[in-house]
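Only one structure is covered here, and it is reproduced in the block below.
The values are calculated or read from the model by the stated rules, or taken from the named source; none is laboratory data. Keep in mind that what you see is a predicted model, and the values were worked out from it rather than measured. In this analysis, Cβ positions are derived from the backbone assuming ideal geometry, glycine residues included, and neighbour counts consider all displayed protein chains. Each accessible area value is taken on the protein alone, full model and side chains, heavy atoms only, with ligands, DNA and RNA left out. Shrake-Rupley method; radii C 1.70, N 1.55, O 1.52, S 1.80 Å.
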Amino acid sequence: MSNAGLGTADEESFGHQDNENVSTLASLTNNDIEAEEKQVLVVAAASEGVVLDEKTIGKLADELGKDVPGYDPGLEWSEKEEKRIVWILDTRLMPWILLSTFVLNMDRTNISNAISDNLPANLGFDINTVNNATSIYAIVFSIFTFSGAILAKRFGPHRWIPILMVSWGIVTLAHATITDAVGYYFVRIFIAITEGGVIPATLVYLGLYYKSTEYATRISWFWGVQSIASAVSGLMASGILQLEGVNGLQGWKWLFIIDGIITVVIAFVLFLVFPRSATDTKGGLRFGGWFDERQARIAVTRVIRADPIKLYYEDHVQWSDVWSAFIDSRLWGHLLITAIGLTPIAPLGTYLPTIIKSFGFNVYVSNALTAPGYILTFISMTIMTSHSDRTGDRGYHGIFSASWLLIGFIILRSVPDDSNKYLLWGILLFISSWPLTHPLNISWMSENMAPLGKRTVASAAVIGAANIFSVWAGQIYQAADAPRFHTGNIIVIVFAFAGVLLWILQRSYLNWINKKRESIWAGFSDEQKQEYNETTKDVGNDRLDF
């Protein structure tokens, strides 16, 4: 059932089979059922708690023509062996994943550092042009999030991610060549095109290696490292901006040059590091490989047993998946949580060094003082998502985090302008250290979306929503309201309050759906359940038994 807490049956629920499950299991082993119908039933079986034992899944894979490299229907392994697999993934794959997103966010954050170093004045425009460019960036970025997920499925995320990195690294370097507003708009559009697809592609990639019960924690590392990147970006900027005048270049141009070179170099390294799958880790900078033959089979098989629809991992996204995601009201709840709930952080993220500078700090100290908040966000977010994984709840954790943000902005708007600069910075530190809700929301959505093609589209949509809000958020802080943005912060408070309400409503809505479905399903006899499985047109998370 769609769960307002975790979202789907956890792996312990796959350890039993009762009379309620018999109809689905019988349908899965019925040779008269078409392949497409069996794909639907795979999702249903996992949701019902049906024991999809190794023989059933192996037989199903054979019937569907699924030659899944490394999948072993009869394989058994110990808990110690599985922990070793996860350890290898966490120490050999995740550091490179985290490095790629570190570089991504470093390159996305540097624009705020450059703005604090008078980029607009040097190019002959004010912050309203910056806001307009931010809105255009958000639209283009959001459009290209869909291409990231879909093209990653087609060409393989292990190749698509480095290709995108090389591309945005070159565009980052191009920032140093701009001389006016037209050039500024041009490079911001192309940076959005090249950066837009990398996060959805990475989410697809992580799904190949990790089970749903491991996913939220790794996603929190992913976004947590983005916070660390923002911190490092501020610290780097405080030093790099002092290159002002070297070779006749402004400090902010040196910032883009250095960041661009770092990005391109790391992208070429990732070409040699990212494996296609757990069964293909030899070669490149992976040298002799990460797994022996048995470990590779465990790595593949454990993920499929925990989430059988990953039998379809190699399948391409279909238009039916796009349409199914588009009309799903549950997905729209997650999209609204993202687009509305994250709006408050966008204007602050763009102007954080500038606002700190207005308290009385110089430009170099102002950029350095952005770092502690991002570091604390990494810590608070990691703690919250880990606790969410352990307790199996997403909704209440999201409500807590959204409330944190709301309280922080209320305090910021309430204190007098002539308050001590360290007090003002402390309030900003409290706001910027909030436990970001985005990893929770993505994990919650992913657990409630099926089949896999629809989940892929939904993931891209959430990443798109996480950027499209900058269209309006980029207009909240206006030049006439600078540098303390009193009117802007009132608008931010309204959005933050709406974010809290949306988390409450989404949790209540999913609970209502669960209870309604459970009531209908509990009233079915075994024969009615079998008839439903064999005749229903419902797919994935639209089924009564999801």
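Being touching a residue at least 12 places away in the same chain (Cβ under 8 Å), farther than 29 Å from Ser380 by Cβ and in a helix (DSSP H, G or I) narrows it down to one residue among Phe186, Phe190; which is it? It would help to see each step written out before you state the result.
Working: Phe186 fails: touching a residue at least 12 places away in the same chain (Cβ under 8 Å).
Of the residues listed, the single one that is touching a residue at least 12 places away in the same chain (Cβ under 8 Å), farther than 29 Å from Ser380 by Cβ and in a helix (DSSP H, G or I) is Phe190.
So which of Gly523, Gly488 is of a type outside the set (Phe, Trp, Tyr) and under 30 Å from Ile115 (Cα atoms)? Let's see the steps before the verdict.
Details: Gly523 fails: under 30 Å from Ile115 (Cα atoms).
Residue meeting the stated conditions: Gly488.
For residues that are touching a residue at least 40 places away in the same chain (Cβ under 8 Å), part of a loop (DSSP other than H, G, I, E, B) and open to solvent by 30 Å² or more (accessible area, probe 1.4 Å), tally how many sit in segment 75-96.
Qualifying residue count, segment 75-96: 1.
Using the structure shown, decide if Arg484 is at negative phi, open to solvent by 20 Å² or more (accessible area, probe 1.4 Å) and in contact with a helix residue (DSSP H, G or I) (Cβ under 6 Å, 6 or more places away or on another chain). First the steps, then the outcome.
On the way: at negative phi: yes; open to solvent by 20 Å² or more (accessible area, probe 1.4 Å): yes; in contact with a helix residue (DSSP H, G or I) (Cβ under 6 Å, 6 or more places away or on another chain): no.
Considered against the rule, which asks whether it is at negative phi, open to solvent by 20 Å² or more (accessible area, probe 1.4 Å) and in contact with a helix residue (DSSP H, G or I) (Cβ under 6 Å, 6 or more places away or on another chain), Arg484 comes out as no.
Please determine, by comparing only the residues of segment 137-180 that are of a type in the set (Ser, Thr, Tyr) and farther than 12 Å from Val264 by Cβ, which one is nearest to the chain's Cα centre (by Cα). It would help to see each step written out before you state the result.
Our first condition is that a residue be of a type in the set (Ser, Thr, Tyr); within segment 137-180, this holds for 137, 142, 145, 147, 167, 172, 177, 179.
From the residues that got through so far, the ones that are farther than 12 Å from Val264 by Cβ too are 137, 142, 145, 147, 177, 179.
Working: Tyr137: 18, Ser142: 13, Thr145: 11, Ser147: 15, Thr177: 32, Thr179: 34 Å.
Filtering first and then ranking leaves Thr145.
Taking segment 429-443 as the region of interest, how many residues are part of a helix (DSSP H, G or I), modelled with pLDDT under 90 and not hydroxyl-bearing (Ser, Thr, Tyr)?
4
Determine whether Ile504 is open to solvent by 10 Å² or more (accessible area, probe 1.4 Å), in a helix (DSSP H, G or I), of a type in the set (A, V, I, L, M) and in contact (Cβ under 8 Å) with a residue 40 or more places away in the chain. Before you say what the answer is, go through the steps one by one.
Details: open to solvent by 10 Å² or more (accessible area, probe 1.4 Å): yes; in a helix (DSSP H, G or I): yes; of a type in the set (A, V, I, L, M): yes; in contact (Cβ under 8 Å) with a residue 40 or more places away in the chain: yes.
The answer is yes for Ile504.
For segment 195-202, does any single residue satisfy the condition of being open to solvent by 20 Å² or more (accessible area, probe 1.4 Å) and of a type in the set (Val, Ile, Thr)? If you could, list the steps in order and put the result at the bottom.
At the first step, the residues of segment 195-202 found to be open to solvent by 20 Å² or more (accessible area, probe 1.4 Å) are none.
No, there is no match, as no residue in segment 195-202 is open to solvent by 20 Å² or more (accessible area, probe 1.4 Å) and of a type in the set (Val, Ile, Thr).
Closer than 22 Å to Gln250 by Cα, modelled with pLDDT of 85 or more and of a type in the set (Phe, Trp, Tyr), is that true of Phe125?
On the way: closer than 22 Å to Gln250 by Cα: yes; modelled with pLDDT of 85 or more: yes; of a type in the set (Phe, Trp, Tyr): yes.
Against the criterion (closer than 22 Å to Gln250 by Cα, modelled with pLDDT of 85 or more and of a type in the set (Phe, Trp, Tyr)), Phe125 qualifies.
Right, Ser233: open to solvent by less than 10 Å² (accessible area, probe 1.4 Å) and under 25 Å from the mean Cα position of the chain (by Cα) or not?
Yes, satisfied.
Only helices (runs of 4 or more DSSP H) wholly contained in segment 245-355 count here; list those with 1 or more residues that are in contact (Cβ under 8 Å) with a residue 12 or more places away in the chain, touching a Lys or Arg at 6+ places or on another chain (Cβ under 9 Å) and open to solvent by 30 Å² or more (accessible area, probe 1.4 Å).
Details: elements: 251-271, 293-306, 319-326, 329-341.
So the answer is 251-271, 293-306, 319-326.
With respect to Val171, determine if the residue is part of a helix (DSSP H, G or I), over 25 Å from Thr129 (Cβ atoms) and out of contact with any Cys (no Cβ under 8 Å at 6 or more places or on another chain).
no
Might you let me know whether segment 440-449 holds any residue that is among the β-branched types (Val, Ile, Thr), touching a Ser or Thr at 6+ places or on another chain (Cβ under 6 Å), under 25 Å from Ser142 (Cα atoms) and open to solvent by less than 40 Å² (accessible area, probe 1.4 Å)? First the steps, then the outcome.
If we filter segment 440-449 for residues that are among the β-branched types (Val, Ile, Thr), which is where we start, we get 442.
Then drop every residue that is not touching a Ser or Thr at 6+ places or on another chain (Cβ under 6 Å), which leaves none.
Scanning segment 440-449 turns up no residue that is among the β-branched types (Val, Ile, Thr), touching a Ser or Thr at 6+ places or on another chain (Cβ under 6 Å), under 25 Å from Ser142 (Cα atoms) and open to solvent by less than 40 Å² (accessible area, probe 1.4 Å).
Go through segment 143-181 residue by residue and tally those that are modelled with pLDDT under 85, open to solvent by 20 Å² or more (accessible area, probe 1.4 Å) and within 27 Å of Ile111 (Cα to Cα).
2
Within segment 356-368, restricting attention to residues that are assigned to a loop (DSSP other than H, G, I, E, B) and open to solvent by 40 Å² or more (accessible area, probe 1.4 Å), which residue is nearest to Ala114 (Cα to Cα)?
To start, the set of residues in segment 356-368 that are assigned to a loop (DSSP other than H, G, I, E, B) comprises 359-362.
Pick out the ones that are also open to solvent by 40 Å² or more (accessible area, probe 1.4 Å) and you get 360, 362.
On the way: Gly360: 19, Asn362: 14 Å.
Selected residue: Asn362.
Using the structure shown, decide if Asn113 is out of contact with any strand residue (DSSP E or B) (no Cβ under 9 Å at 6 or more places or on another chain) and open to solvent by 10 Å² or more (accessible area, probe 1.4 Å). Break it down stepwise before answering.
Details: out of contact with any strand residue (DSSP E or B) (no Cβ under 9 Å at 6 or more places or on another chain): yes; open to solvent by 10 Å² or more (accessible area, probe 1.4 Å): no.
The answer is no for Asn113.
Given the conditions (1) open to solvent by 20 Å² or more (accessible area, probe 1.4 Å); (2) closer than 27 Å to His486 by Cβ, and given that Thr377 satisfies all but one, which numbered condition is not satisfied?
Of the numbered conditions (1) open to solvent by 20 Å² or more (accessible area, probe 1.4 Å); (2) closer than 27 Å to His486 by Cβ, the odd one out for Thr377 is (1).
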